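What follows is one structure encoded as structure tokens, with my remarks underneath.
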Amino acid sequence: MVFDKEESVSLVPLHSKGKPRLCAGCNRRIRERFMLQALDRYWHEDCLKCACCDCRLGELGSTLFTKANLILCRRDYLRLFGTTGNCAACGKIIPALEMVMRARDNVYHLDCFACQLCSQRFYMGDMFFLKNNKILCQQDYEEGHRNGNSEMPTR
Ligand SMILES: [Zn+2]
Ligand SMILES: [Zn+2]
Ligand SMILES: [Zn+2]
Ligand SMILES: [Zn+2]
């Protein structure tokens, strides 16, 4: 996955001697004992927030993402711009956080997760098989097995 920009956020102590730091969020002087350092700037702990959900990025501790002029938490970044991968059935990109079905290393759109021969959909608890990287229902799998194993098909 390619991130536009992932930046680390760190909590740093304010040195009482050094020159006063201005918060990049509200432009006011930082007087707290600790401030956040991110994107080469300093922030009040309350001022470094996700543009989307307003969560305080300092509390999440680790990283933030930038996209254009937005500062986003990881969750929102992934929701808006991330991807889970390509659907093994239709080949299209699956947006991150969309519900997916997984089979071994493959991911599928929910709508694409069906037998690739007869299009039967699978539901929780149904048997499915992966053969040549195609999903098959039990019936088609067993049929393919029979045909593949005998030189003279019995049907
Ligand atoms: Zn501030
Ligand atoms: Zn957020
Ligand atoms: Zn798909
Ligand atoms: Zn089938």
Check: For the chain, what does -39500 (n - 2.57) per DSSP helix run (n ≥ 4), summed and divided by total residues, give at 222 nm, in deg cm²/dmol to the nearest 500?
Finding: -4000 deg cm²/dmol
Check: Out of residues 5 or more away from Tyr42 or on other chains, whose amide H comes under 5 Å of its own, with H placed 1.01 Å from N in the peptide plane?
Finding: Ala24
Notebook entry, point to check: Relative to the Cα centre, what is the charge dipole magnitude of the chain, using +1 at the beta carbon of each Lys and Arg, -1 at the beta carbon of each Asp and Glu, and rounding to the nearest 20 debye?
Noted result: 880 debye
Note to self: Compute the helix-to-body angle for 138-149: its Cα long axis versus the longest principal axis of the chain, expressed 0 to 90° and rounded to tens.
What the structure shows: 60 degrees
Next item on the list: Amide H neighbours of Thr84 under 5 Å, at least 5 residues apart or on other chains, H built in the peptide plane: list them.
Entry: Ile94, Ala96
Checklist line | Placed amide H near Ala51: partners under 5 Å, 5+ positions off or other chain | finding: Ile71, Leu72, Cys73
Item checked: Additional length obtainable on full extension of the chain from Glu143 to Tyr123, 0.36 nm per residue less Cα span -> 5.1 nm
Note to self: Please list, in order along segment 25-35, the HN-Hα scalar couplings obtained from phi with the Karplus expression 6.51 cos²θ - 1.76 cosθ + 1.60 (θ = phi - 60°), rounded to whole Hz, x for Gly and Pro.
What the structure shows: x, 10, 6, 9, 5, 8, 10, 5, 6, 10, 9
Checklist line | Which of Thr84, Cys118, Asn132, positive extreme of dipole for the chain (C-beta unit charges) | finding: Thr84
Check: Could you give me the ³J(HN,Hα) list for segment 77-82, computed from phi with Karplus coefficients 6.51, -1.76, 1.60 and θ = phi - 60°, whole Hz, x at Gly and Pro?
Finding: 4, 5, 5, 7, 10, x
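Every read-out reported here was derived from the displayed coordinates using simple, explicitly stated rules and does not represent laboratory data. Quick caveat: nothing in here was measured; it's all calculated off a predicted structure. Every residue, glycine among them, receives a Cβ derived from its backbone with ideal geometry; neighbour counts consider all protein chains shown.
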